[in-house]
Amino acid sequence: MKEFVIGNTLEEALSLVPEGAIKKIKIDGKLFGITRRNQEFFVFDAFCPHRGASLIQGSINQKGEIICPLHQYRFELKGGKVKAGYCPDLETYPSELSEIGLKIKVPI
Ligand code: FES
């Protein structure tokens, strides 16, 4: 796992990922998804563990789940547990918001 910082300040990190939006981050050629609810960020694999659809095109529901656009399987943002569907859980990665931006740790 390697640590990266997104943005240079807390405010910049918040503005780069608008509430409820799903953004992509590319690090060393690997894509990750990122979203947030209030000041809590969630970083996850960009591709669905079912058949590999792009979760960047997915949506977030009121329960804090990401919904895959292809077969509508649902995964908890916190921890990636599959909530609807039959496939492995979604890989999620730690993040921490601070005054210097958003720190994320991803397997690069
Ligand atoms: S590819 Fe995501 S639910 Fe099937």
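Worth pointing out:
- The combined condition, being in contact with a helix residue (DSSP H, G or I) (Cβ under 9 Å, 6 or more places away or on another chain) and either within 12 Å of the ligand (Cβ to nearest atom) or without any contact (Cβ under 8 Å) to a residue 24 or more places away in the chain (or both), is not fulfilled by Leu55.
- Members of segment 62-75 that are open to solvent by 20 Å² or more (accessible area, probe 1.4 Å) and either of a type in the set (Phe, Trp, Tyr) or within 14 Å of the ligand (Cβ to nearest atom) (or both): Ile67, Pro69, Leu70, His71, Gln72, Tyr73, Arg74
- Of all residue pairs spaced 6 or more apart or on separate chains, those with beta-carbon atoms under 7 Å, a first member in segment 1-21 that is of a type in the set (A, V, I, L, M) and a second member that is open to solvent by 70 Å² or more (accessible area, probe 1.4 Å) and part of a helix (DSSP H, G or I) are Ile6/Leu16.
- Given (1) farther than 21 Å from Ile27 by Cβ; (2) surrounded by 18 or more Cβ atoms within 10 Å (Cβ to Cβ), index of the condition Ser59 fails: (2)
- For segment 76-85, taking the residues that are more than 14 Å from Gly52 (Cβ to Cβ) and open to solvent by less than 80 Å² (accessible area, probe 1.4 Å), the one that is farthest from the ligand (Cβ to nearest atom) is identified as Gly79.
- Residues that are of a type outside the set (A, V, I, L, M, F, W, C), more than 18 Å from Ala13 (Cβ to Cβ), touching a Leu at 6+ places or on another chain (Cβ under 7 Å) and assigned to a strand (DSSP E or B), drawn from segment 29-87: Asp45, Glu65
- Scanning segment 86-96 for residues that are open to solvent by 40 Å² or more (accessible area, probe 1.4 Å) and more than 14 Å from the chain's Cα centre (by Cα) gives Tyr86, Pro88.
- Annotation note: Cβ proximity below 9 Å between a residue of segment 93-108 that is touching a residue at least 40 places away in the same chain (Cβ under 8 Å) and a residue that is assigned to a strand (DSSP E or B) and among the polar types (S, T, N, Q) (sequence gap 6+ or interchain) occurs for Leu102/Ser95; Lys103/Ser95; Ile104/Ser95; Lys105/Ser95.
The values are calculated or read from the model by the stated rules, or taken from the named source; none is laboratory data. From a predicted model like this one, the values you see are computed outputs, not experimental measurements. With ideal geometry, Cβ positions are generated from the backbone for all residues, glycine too; neighbour counts draw on all protein chains shown. We work out accessible area using only protein heavy atoms, side chains counted, and drop any ligands, DNA or RNA first. Shrake-Rupley method; radii C 1.70, N 1.55, O 1.52, S 1.80 Å.
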